[in-house]
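Participant: Submitted below is the structure of interest, expressed as structure tokens.
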Amino acid sequence: MNSAKPGLKHIMSAPWIWAYLAAFVVWLATVLFTGGQGSIQILSAALSFATFSVIVGIGQMYVITLGPGNVDLSIPATMTFAGAVSMKIMDTQDAMIVPGLLIAIGCGAAVGIFNYGLIRALRIPPIIATLSSSFLVQSAAIAYGRGIKIKPPPILADFTTWRIFDIPVLAICVIALAAVMSVVLHRTVFGRSVTAIGQNQRAAALAGIPVDFIRFATYVQSAVFAGLCGYLLSGFSGGASLNMGAEYLLASIAVVVIGGTSVAGGHSNVPGLWGAALFMFLLVTMLNTYGLTAGYRLILTGLIIVTVITLAGGRKQE
């Protein structure tokens with residue numbers, strides 16, 4: 001009994017636990033309102049849509065962990081660009097799925113290199129550099145795709161919507177991806193360097209950490225994840241569209257902050273991304289189920305999110 005109490009106390013003190021508790025509460029409130037109807041379907045849909053927020057959230061989390069001022073606002077445009085290019089090149093052919101994936105990742109890498117080029121060479125703050133980049137990348141996507149929604153290859157579409165016992169297979173794959181990226185963050189030189197830079201960039205440089213290279217790699221990684229997400233979301237939604245990444249501008253930041261990552265940098269939580277992504281989807285579902293008007297939905301969404309962030313923010317610095 002005595003050993004269980006410290007363990008429970010340690011779990012409850014983790015910043016990511018509040019996102020999962022909030023997700024459970026809003027799911028329970030929805031289920032009670034509907035009399036238990038569709039409870040499993042709601043969770044299955046939440047897993048499906050949360051998957052894409054988690055993918056971009058991983059990349060954004062690494063960037064934010066670098067410290068104050070570091071954020072990638074080019075994620076939506078990168079998703080659109082990678083999705084449009086890969087879909088057009090694959091041209092609904094199953095044989096082109098792997099080349100299409102590599103092209104989407106390459107598009108993301110190119111955007112990441114361009115982003116850091118603006119930040120480093122021109123000394124532009126990351127928030128301005130990535131926002132400026134997003135306009136250029138979005139314009140390139142419009143010029144290349146010409147607004148035409150090209151369908152994905154059938155096998156890709158089937159994979160992104162495939163379920164086993166109502167559990168999306170894509171969600172299982174991204175859970176595994178998140179676990180790998182958690183190991184990278186906490187157990188590799190690269191991940192620990194990202195954390196060290198976020199805690200004190202000057203001290204990290206004096207300790208011999210190649211700060212510029214780590215920052216470069218982190219921004220490229222974020223864009224690569226955005227490209228991957230654009231590729232998968234295009235398969236899931238039936239093709240790439242020019243506004244497909246719009247909702248992920250704030251979502252990619254919200255899941256990071258609600259998930260317990262410090263906006264001041266140096267402290268991050270991969271497990272919290274899933275809790276936050278599920279919470280965000282279930283919250284919208286609950287408010288829609290209750291039949292509230294758009295104004296009330298926005299107000300309550302903001303209040304609930306602020307409450308969860310406040311609870312998660314009570315983290316003691318280690």
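The values are calculated or read from the model by the stated rules, or taken from the named source; none is laboratory data. Keep in mind it's a predicted model, so treat the numbers as computed, not measured. Please note: Cβ atoms are built from the backbone with ideal geometry, for glycine as well, and neighbour counts cover all protein chains shown.
Participant: Taking the residues in segment 165-195 that are in contact with a helix residue (DSSP H, G or I) (Cβ under 8 Å, 6 or more places away or on another chain) and outside any helix (DSSP H, G or I) as candidates, determine which candidate is surrounded by the most Cβ atoms within 10 Å (Cβ to Cβ).
Facilitator: PRO168
Participant: Give the number of residues within segment 187-220 that are polar (S, T, N, Q) and over 24 Å from ILE75 (Cβ atoms).
Facilitator: 2
Participant: Related question: Could you grab me the full set of residues in segment 50-106 that are farther than 20 Å from SER268 by Cβ and β-branched (Val, Ile, Thr)?
Facilitator: Those that are farther than 20 Å from SER268 by Cβ and β-branched (Val, Ile, Thr): THR78, THR80, VAL85, ILE89, THR92, ILE97, VAL98, ILE103, ILE105.
Participant: Take GLY100 and decide whether it is assigned to a helix (DSSP H, G or I), buried (at least 18 other Cβ atoms within 10 Å of the Cβ), over 19 Å from the mean Cα position of the chain (by Cα) and of a type outside the set (A, V, I, L, M, F, W, C).
Facilitator: It is true that GLY100 is assigned to a helix (DSSP H, G or I), buried (at least 18 other Cβ atoms within 10 Å of the Cβ), over 19 Å from the mean Cα position of the chain (by Cα) and of a type outside the set (A, V, I, L, M, F, W, C).
Participant: Restricting attention to segment 65-97, which residues are β-branched (Val, Ile, Thr), in a helix (DSSP H, G or I) and under 14 Å from LEU249 (Cβ atoms)?
Facilitator: Hits for segment 65-97 are ILE75, THR78, THR80.
Participant: Taking segment 239-252 as the region of interest, how many residues are buried (at least 22 other Cβ atoms within 10 Å of the Cβ) and farther than 30 Å from ILE155 by Cβ?
Facilitator: Of the residues in segment 239-252, 0 are buried (at least 22 other Cβ atoms within 10 Å of the Cβ) and farther than 30 Å from ILE155 by Cβ.
Participant: While we're on this one: Has segment 67-82 got at least one residue that is among the acidic types (Asp, Glu), out of contact with any Ser or Thr (no Cβ under 6 Å at 6 or more places or on another chain) and in contact (Cβ under 8 Å) with a residue 12 or more places away in the chain?
Facilitator: No: zero hits.
Participant: Consider ALA140 carefully, then state whether it is of a type in the set (A, V, I, L, M, F, W, C) and either assigned to a loop (DSSP other than H, G, I, E, B) or over 16 Å from GLY227 (Cα atoms) (or both).
Facilitator: The answer is no for ALA140.
Participant: Has segment 99-121 got any residue that is basic (Lys, Arg), at pLDDT below 90 and within 19 Å of LEU242 (Cα to Cα)?
Facilitator: no
Participant: Do we find a residue being touching a Leu at 6+ places or on another chain (Cβ under 8 Å), touching a residue at least 24 places away in the same chain (Cβ under 8 Å) and buried (at least 17 other Cβ atoms within 10 Å of the Cβ) anywhere in segment 146-153?
Facilitator: Looking through segment 146-153, none of the residues is touching a Leu at 6+ places or on another chain (Cβ under 8 Å), touching a residue at least 24 places away in the same chain (Cβ under 8 Å) and buried (at least 17 other Cβ atoms within 10 Å of the Cβ).
Participant: Going through segment 196-209 one residue at a time, which ones are assigned to a helix (DSSP H, G or I) and over 28 Å from PHE52 (Cβ atoms)?
Facilitator: Answer for segment 196-209, where residues must be assigned to a helix (DSSP H, G or I) and over 28 Å from PHE52 (Cβ atoms): ALA196, GLN199, GLN201, ARG202, ALA203, ALA204, ALA205, LEU206.
Participant: If you take the residues in segment 249-298 that are among the β-branched types (Val, Ile, Thr) and over 17 Å from the mean Cα position of the chain (by Cα), which one is farthest from MET181 (Cα to Cα)?
Facilitator: Step one: filter segment 249-298 for residues among the β-branched types (Val, Ile, Thr), giving 253, 255-258, 261, 263, 270, 284-285, 289, 293.
Pick out the ones that are also over 17 Å from the mean Cα position of the chain (by Cα) and you get 284-285, 289, 293.
Working: VAL284: 28, THR285: 29, THR289: 35, THR293: 39 Å.
Only one residue fits best here, namely THR293.
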